[in-house]
Amino acid sequence: MINLPYKERFVITQVFLNHNNHYASGVHLGVDLVGLEDKSVYAIEDGLVVFVGYNSAFGNTVVIEQSDNLYCRYSHLHSISVKNGQSVSGGKTMIGVEGKTGNVYGSQDPRHLDLRISQLPYHSNNINVYRNPCEYLGFPNELNYVVIPGGLNMTKITNLIMYKSEIDKRAGDYLADHLNCKIIEIDLLPSEVVDEVFENVYVIGSPEKPVSKAVNIYGEDRYETCQKVIDFINRSNK
């Protein structure tokens, strides 16, 4: 049985066979995915781990020989949770966490999962050995398409915190803890995805509005920004 690589909602940030001269084949031979609520990546099919390693192009990578005799490559992982020679169960075994290791050129989001399905256990520039991962997994090969595991009607995630620079992330973390929500860099997701998926959006340390409904909390410097975040939290507690 084929399973999705995430347990929660995720978005397509680069489609299969996207044309780009950066690639030796001229096209992207997989699909780039970004978890919106959980960054953990799971095996899509039962199989055997035949490769665990790192290279400059794909970063931290796992290749699984699946029970359907196809090979699935999970690349650019931040961390890896399986070992070479390990048996995995589709939908149950955690492969790792999506990341930005290796060369992440071409994706809208540098932190993502590059998922490829091939007849071969190693990389090839021969387009004919690859399967369309979107078609294989049962969702459209469409940029910015949000996949909802289980096929349920999508309800918006209540809150999202966005920050412009690392210097403002601490204040953002404080607000994220208060609201019990995600915090991401302001350029991490396309604005249409942010608008569609999240109900409330707060931007820390910048007047930039990725979406019109964004609430900006910022000051002349990081200290004033922190104070404004604290004031915002105090007002929301009343």
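Once you sort the root eigenvalues of the Cα gyration tensor of segment 141-196 as a ≥ b ≥ c, which label holds: rounded (a/c under 1.5), prolate (a/b larger than b/c) or oblate (the other case)? It comes out oblate by the Cα gyration axes. Loop-located GluC sites (Glu not before Pro) across segment 108-193 with a Cβ neighbour count of 14 or fewer within 10 Å are Glu142, with loop assigned by DSSP.
The computed mean projected area of the Cα convex hull in nm² for the structure shown corresponds, within [x] 15.5; [y] 19.9; [z] 13.7, to [z]. Note on segment 157-238: lysine pairs with Cα distance below 18 Å, sequence gap of 8 or more or different chains, count 11.
Just to confirm a number: summing +1 for Lys and Arg and -1 for Asp and Glu over residues other than Asp231 whose beta-carbon lies under 13 angstrom from that of Asp231, what do you get?
Combined, the nearby Lys, Arg, Asp and Glu give +2.
Once you order the gyration tensor axes a ≥ b ≥ c over the Cα atoms, which shape class does segment 8-57 get: rounded for a/c under 1.5, otherwise prolate or oblate by comparing a/b with b/c? Oblate shape, in that a/c is at least 1.5 and b/c is the bigger or equal ratio. Listed values for segment 178-186 are Karplus-derived 3J(HN,Hα) couplings in whole Hz (6.51 cos²θ - 1.76 cosθ + 1.60, θ = phi - 60°), namely 5, 8, 6, 9, 6, 10, 9, 5, 5, and x replaces Gly and Pro.
Under the classification rounded if a/c is under 1.5, otherwise prolate if a/b is larger than b/c and oblate if not, where does segment 10-151 fall, given a ≥ b ≥ c as square roots of the Cα gyration tensor eigenvalues? It comes out rounded by the Cα gyration axes.
What 222 nm value per residue comes from the helices of the chain, counting each DSSP H run with n ≥ 4 as -39,500 (n - 2.57) and dividing by all residues, nearest 500 deg cm²/dmol? List each step's numbers first, then the result.
Values: 4 runs with 39 residues, N = 238.
Counting only the DSSP helices, I get -5000 deg cm²/dmol.
With a simple spin-label model that places each label point 7 Å from the Cα along the Cα-to-Cβ direction, the separation between Ile230 and Asp177 comes to 1.3 nm.
Percent relative contact order of segment 10-151, based on C-alpha pairs within less than 8 angstrom and at least six residues apart?
Values: 347 pairs, mean separation 41.0, N = 142.
Once normalised by length, the contact order is 29 percent.
Fully extending the segment from His19 to Glu208 would add 65.0 nm, taking 0.36 nm per residue of separation and subtracting the current Cα-Cα distance. Counting only residues at least eight positions apart within a chain, or on another chain, the lysines with an alpha carbon under 16 Å from that of Lys92 are Lys7, Lys39, Lys83. Using the Karplus relation 6.51 cos²θ - 1.76 cosθ + 1.60 with θ = phi - 60°, the per-residue 3J(HN,Hα) values for segment 19-32 come to 6, 7, 5, 5, 8, 4, 7, x, 9, 7, 8, x, 9, 9 Hz, with x marking Gly and Pro. DSSP beta bridges fully contained in the chain are about 75 percent antiparallel.
If Lys and Arg each add +1 and Asp and Glu each add -1, what is the summed charge of the other residues whose beta carbon sits under 13 Å from the beta carbon of Tyr42? Intermediate results must be reported in sequence, preceding the final value.
On the way: positive: Lys7, Lys39, Lys92; negative: Glu8, Asp38, Glu45, Asp46, Glu98.
Cβ neighbours under 13 Å give a net charge of -2.
What is the sum of charges, Lys and Arg at +1 and Asp and Glu at -1, for the other residues whose Cβ falls under 15 Å from the Cβ of Gly150? Result for the local shell: -1.
Computed from the coordinates by the stated procedures, all read-outs in this text should not be read as laboratory data. Owing to the predicted nature of the structure, the values given are computational and were not obtained by experimental measurement. Please note: Cβ atoms are built from the backbone with ideal geometry, for glycine as well, and neighbour counts cover all protein chains shown.
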